[in-house]
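Asker: Below are the structure tokens for one structure; questions will follow.
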Amino acid sequence: MVDQETIMVVEDDSATREFLADNLKADSYAVVTASTGREAFNLLQMKQCDLLLLDVMLPDASGYELCSRLRLSDGLAQRIDPELPVIMLTARASEADRVRGFARGADDYLVKPFHYPELAARIGAVLRRSRGRRDQGVLQIGELRIDPVAREVTLDGRGIELSAKEFALLRKLAEEPTRVFTKEELLRDVWGFKLMGSTRTLDSHASRLRRKLTDSGRRWIVNVWGVGYRLTDRVT
């Protein structure tokens, strides 16, 4: 049986906020509410949540900005999980707006007005994926140890300090350490990009990650030119 999960509703319209809170509570979720981006971010530092329902048009900041800030948090100093699932709720229905939402790190994007049963189904789907990630155990590849729950990485017993995206990239590569992940896959799964474009984000993060793992005799973060990256040449 799954423990009661907590959903934060960030919505400046009081009627919509109360409607969502009432229905979510009826569906056995614990609910935390906020009406501004500042209030939401402060609450996230104090309250552990399992999912964020995020209105895009807030009085003090856009939901896009808040989601980007969430994804860039280090998970340590601010005590905010950068991998917290986010469903954006907005009246902005253009394809460009949807792409912008996913590029900022949203897990799903639902256009207003919406029917609550559809939202409930989307919440359930996102939470199931999130539970699957949380249930993954410690990953051990040779002398490299990755703990997804504690968000800790050690190399031959030595702690490695990683940013949120460096950790997410390393964890993704560690799922299948000798398989080559394409750049498109990594940009989609780690950064939420739908289109690769000309970004150098992946290459710069991979380079920094490689430097942090150089104290081992093994070659880590292997660049397969023209294709993508793999974690290592061997599993053991």
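The values are calculated or read from the model by the stated rules, or taken from the named source; none is laboratory data. What you see is a predicted model, and the numbers here were worked out from it, not measured in a lab. Heads up, the Cβs are rebuilt from the backbone with ideal geometry, glycines too, and the neighbour counts pull from every protein chain shown. In case anyone asks, the SASA skips ligands and DNA or RNA and just uses the protein heavy atoms, side chains included. Shrake-Rupley method; radii C 1.70, N 1.55, O 1.52, S 1.80 Å.
Asker: So who's got an amide H within less than 5 Å of the one on residue 112, skipping anything under 5 residues away but keeping other chains? H placed 1.01 Å off N, in plane.
Answerer: 90, 91, 92
Asker: Same structure, new question: Translational D (Stokes-Einstein, µm²/s) of the chain at 37 °C and 0.692 mPa s when Rh comes from the Kirkwood sum over C-alpha pairs?
Answerer: Answer from the Stokes-Einstein relation: 173 µm²/s.
Asker: If you don't mind, another one. If you restrict to DSSP beta bridges whose two residues both lie in region 1-151, what percentage is antiparallel, to the nearest 5?
Answerer: DSSP beta bridges in region 1-151 are roughly 20 percent antiparallel.
Asker: Would you kindly find the accessible area of residue 20, with a 1.4 Å probe and non-protein molecules such as ligands, DNA and RNA excluded, rounding to the nearest 10 Å²?
Answerer: The accessible area of residue 20 comes to roughly 0 Å².
Asker: Take the solvent-accessible surface of the protein heavy atoms, probe 1.4 Å, and return the percent of it on region 1-95 that carbon and sulfur atoms account for.
Answerer: Heavy-atom surface of region 1-95 belonging to carbon and sulfur, 1.4 Å probe: 46 percent.
Asker: Can you list the trypsin sites (Lys or Arg not before Pro) in region 148-188 that are in a DSSP coil and have 14 or fewer other beta carbons within 10 angstrom?
Answerer: The qualifying sites are 179.
Asker: Please compute P(r) over all alpha-carbon pairs of region 1-57, binned at 5 Å starting from zero, and give each bin as a whole-number percent.
Answerer: Computed distribution, short to long bins: 4, 20, 32, 24, 14, 4, 1, 0.
Asker: Give me the distance in nm between label points sitting 7 Å out from Cα along the Cα-to-Cβ direction at residue 42 and residue 227, one decimal.
Answerer: So the label points at residue 42 and residue 227 sit 5.1 nm apart.
Asker: Now, a different point. Normalising by the residue count of the chain, find the relative contact order in percent from Cα pairs under 8 Å and 6+ residues apart.
Answerer: 13
Asker: How many Å² of accessible area per residue for the chain, probe 1.4 Å?
Answerer: 51
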